[in-house]
Amino acid sequence: MSLTLANLGRLIGFNSVSARSNLDIIGFIEAYLRERGFRLTRISDATGQKAGLFAETGPSEGGLLLSGHTDVVPTEGQVWSRDPFRLSHEDGKYYGRGTTDMKGYLACMLSAADKAAKRDLKEPLKLVFSYDEEVGCVGIQHMADRLAPLLGTPRGCFVGEPTEMRVAVGHKGKAAIKATCNGQSGHSALAPKFVNALHLAAEFVVELGKVQTWLATQ
């Protein structure tokens, strides 16, 4: 079995669903990289039950940054024909919670780290392992202040979200807008003489749907 698959098996074995602590999987990654001489900075959250990790080897400036998250989505209420937290192989495919998103990429990161540790690097390899990505990318937000002075100026950053093995240089964004509809109070017998906030909100949603349809065609 290749080193990448061996690492994937270990990573899948950690139940790092977002609602749980990720300290076990971070501890494994930390020990793996320490054995290979990486400089490590653990970044814990306020509860002490979650942590991210920054690791680098080689010089400090330039290089490449690989970034991935350690959490996975839940398995409760789903029909699994095999143990989701045990890597299994069948008909040329590998199964387990997170094999694609994104413990498969974490395993690749660890394999890259192993290769980098055996070379005389001219530029650094930098790794970021975050948490709570599946619940709104909140982990990396909590890590940002600590990460900023550590990152330096890498030439590029690769984030291992699944893209069907095609390089993606961007993704659809999101805008959050709060709309307040104000109406007028009045007796129900004279309802047509007053502005109903619910009617305004309904009209707003309909128009928003038209905008969404237009954007989908651009």
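The values are calculated or read from the model by the stated rules, or taken from the named source; none is laboratory data. The structure displayed is predicted, hence computed values, not measured ones. Neighbour counts run over all protein chains shown; Cβ positions are idealised from the backbone, glycine included. These area figures cover heavy atoms from the full protein model, side chains too; ligands, DNA and RNA do not enter into them. Shrake-Rupley method; radii C 1.70, N 1.55, O 1.52, S 1.80 Å.
Is there any pair with a first residue in the stretch 152-175 that is in a strand (DSSP E or B) and a second that is among the aromatic types (F, W, Y) whose Cβ atoms are under 9 Å apart and which are 6 or more apart or on different chains, and what are they?
Matching pairs, first to second residue: F158/Y105; V159/Y105.
Being under 14 Å from the mean Cα position of the chain (by Cα) and hydroxyl-bearing (S, T, Y) narrows it down to one of S2, S18, so name that one.
On the way: S2 fails: under 14 Å from the mean Cα position of the chain (by Cα).
Exactly one of S2, S18 is under 14 Å from the mean Cα position of the chain (by Cα) and hydroxyl-bearing (S, T, Y), namely S18.
Hey, could you check the stretch 169-183 for residues that are farther than 30 Å from V73 by Cα and among the small types (G, A, S) and say which is surrounded by the most Cβ atoms within 10 Å (Cβ to Cβ)?
If we take residues in the stretch 169-183 being farther than 30 Å from V73 by Cα and among the small types (G, A, S), then G183 is surrounded by the most Cβ atoms within 10 Å (Cβ to Cβ).
Return yes when G186 is under 30 Å from H69 (Cα atoms) and outside any helix (DSSP H, G or I) and no when it is not. Working first, answer last.
Values: under 30 Å from H69 (Cα atoms): no; outside any helix (DSSP H, G or I): yes.
Judged against the criteria, G186 is not a match.
Could you please find all residues in the stretch 21-36 being closer than 20 Å to V135 by Cβ and open to solvent by 30 Å² or more (accessible area, probe 1.4 Å)?
If the condition is that a residue be closer than 20 Å to V135 by Cβ and open to solvent by 30 Å² or more (accessible area, probe 1.4 Å), then S21, L23, D24 are the ones that fit.
Out of curiosity, is G13 touching a residue at least 40 places away in the same chain (Cβ under 8 Å), buried (at least 16 other Cβ atoms within 10 Å of the Cβ), more than 15 Å from F129 (Cβ to Cβ) and touching an Asp or Glu at 6+ places or on another chain (Cβ under 8 Å)?
no
Taking the residues in the stretch 77-98 that are modelled with pLDDT of 95 or more and of a type in the set (D, E, K, R) as candidates, determine which candidate is least open to solvent (accessible area, probe 1.4 Å).
Looking at residues that are modelled with pLDDT of 95 or more and of a type in the set (D, E, K, R), I get R97.
Quick grid of which residues meet (1) open to solvent by 70 Å² or more (accessible area, probe 1.4 Å); (2) under 23 Å from A112 (Cβ atoms); (3) modelled with pLDDT of 90 or more; (4) among the aliphatic types (A, V, I, L, M):
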site: V167; (1), (2), (3), (4): yes, yes, no, yes
site: S185; (1), (2), (3), (4): yes, no, yes, no
site: L200; (1), (2), (3), (4): no, no, yes, yes
site: V205; (1), (2), (3), (4): yes, no, yes, yes
site: Q218; (1), (2), (3), (4): yes, no, no, no
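Out of curiosity, is A112 more than 21 Å from G160 (Cβ to Cβ) and among the hydrophobic types (A, V, I, L, M, F, W, C)?
no
Applying the selection to the stretch 85-111, what residues are touching a residue at least 24 places away in the same chain (Cβ under 8 Å), in contact with a Lys or Arg (Cβ under 7 Å, 6 or more places away or on another chain) and of a type outside the set (A, V, I, L, M, F, W, C)?
Applying the first criterion (touching a residue at least 24 places away in the same chain (Cβ under 8 Å)) to the stretch 85-111 yields 85-87, 94, 96-111.
Next, from what is left, pick out any that are in contact with a Lys or Arg (Cβ under 7 Å, 6 or more places away or on another chain): 85, 96.
Correct list: G96 only.
Scan the stretch 38-60 residue by residue and report those that are open to solvent by 30 Å² or more (accessible area, probe 1.4 Å) and in contact with a Ser or Thr (Cβ under 6 Å, 6 or more places away or on another chain).
The one that is open to solvent by 30 Å² or more (accessible area, probe 1.4 Å) and in contact with a Ser or Thr (Cβ under 6 Å, 6 or more places away or on another chain): Q49.
Quick check: anything in the stretch 146-165 open to solvent by 80 Å² or more (accessible area, probe 1.4 Å), closer than 30 Å to Q49 by Cβ, of a type in the set (D, E, K, R) and at pLDDT below 90? Step through it out loud before you land on a result.
First, pick out the residues of the stretch 146-165 that are open to solvent by 80 Å² or more (accessible area, probe 1.4 Å): 146, 149, 153, 155, 158-159, 164-165.
So of that shortlist, the ones also closer than 30 Å to Q49 by Cβ come out as 146, 149, 158-159.
From what is left, the residues that are of a type in the set (D, E, K, R) are 146.
So of that shortlist, the ones also at pLDDT below 90 come out as none.
Checked against the condition, which is being open to solvent by 80 Å² or more (accessible area, probe 1.4 Å), closer than 30 Å to Q49 by Cβ, of a type in the set (D, E, K, R) and at pLDDT below 90, the stretch 146-165 yields no hits at all.
Taking the criterion of being assigned to a helix (DSSP H, G or I), open to solvent by less than 50 Å² (accessible area, probe 1.4 Å) and of a type in the set (K, R), would at least one residue in the stretch 99-119 satisfy it? Spell out the reasoning first.
So the first thing to find is which residues in the stretch 99-119 are assigned to a helix (DSSP H, G or I), and the list is 103-117.
Pick out the ones that are also open to solvent by less than 50 Å² (accessible area, probe 1.4 Å) and you get 103-107, 109-114, 116-117.
Subsequent filtering for residues that are of a type in the set (K, R) retains 103.
Checking the stretch 99-119: at least one residue is assigned to a helix (DSSP H, G or I), open to solvent by less than 50 Å² (accessible area, probe 1.4 Å) and of a type in the set (K, R).
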